[in-house]
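Taken together, the values in this text are just the output of simple stated rules run on the coordinates, not laboratory data. Predicted model, so just to flag it, every value in this text is computed and none were measured. Neighbour counts are summed over all protein chains in view; Cβ atoms, including those assigned to glycine, are modelled from backbone coordinates with ideal geometry.
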Amino acid sequence: MKSRKTLFKTTIHGYGGWGWGGRDYYGHSTYSTSTDVRQYTEGTLAVDLYDVATHKPVWHAGAVRKNTKKIRENPGDTVREIPGDMFAFYPP
């Protein structure tokens, strides 16, 4: 399964100055923000194992990966890697 995701990252930039004026404080500060928006695709792989006698689930594993250029160009490595990682925890 594939799903589109959007990542928002907002950064606050600022600097300030200060000083004293008689009995009163005076100063200034400057702040600005920037927002970086990135869209990406995630792929999800799910594995469910069932007991053939009872038809009940006995184990489940899932993995989610960002669909990167490297994965798109050579999906075989990822396809072999993910199930291996999942089954490292089987049996529970």
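Taking the alpha-carbon distance from Lys2 and a cut-off under 14 Å, which aspartates and glutamates remain once sequence neighbours fewer than 8 residues away in the same chain are dropped?
Partners found: Glu42.
What is the sum of charges, Lys and Arg at +1 and Asp and Glu at -1, for the other residues whose Cβ falls under 10 Å from the Cβ of Lys9? Provide the component values of the computation, followed by the final result.
Details: positive: Arg38; negative: Asp36.
That sum, taken over residues with Cβ under 10 Å, equals 0.
Round to the nearest 0.05 the FRET efficiency obtained for Arg38 and Arg80 when R0 = 35 Å and r is the Cβ-Cβ distance. Show your work: numbers first, answer last.
Values: r = 28 Å, r/R0 = 0.80.
My answer for the efficiency is 0.80.
Collect residues whose amide H, placed 1.01 Å from N in the peptide plane, falls under 5 Å from the amide H of Asn67; neighbours closer than 5 in sequence don't count.
Correct list: Thr41, Glu42, Gly43.
Could you compute the FRET efficiency for Thr10 and Leu49, with r as their C-beta to C-beta distance and R0 at 41 Å, rounded to 0.05?
Numbers: r = 43 Å, r/R0 = 1.04.
FRET efficiency, Thr10 to Leu49: 0.45.
Could you tell me which chymotrypsin sites (Phe, Trp or Tyr not before Pro) in the stretch 42-92 are loop residues by DSSP with no more than 10 other beta carbons within 10 angstrom of their beta carbon? Working shown, then result.
Working: sites: Tyr50, Trp59, Phe87, Phe89; in loops: Phe89.
When the chymotrypsin sites (Phe, Trp or Tyr not before Pro) of the stretch 42-92 are filtered for loop state and at most 10 Cβ neighbours within 10 Å, Phe89 remain.
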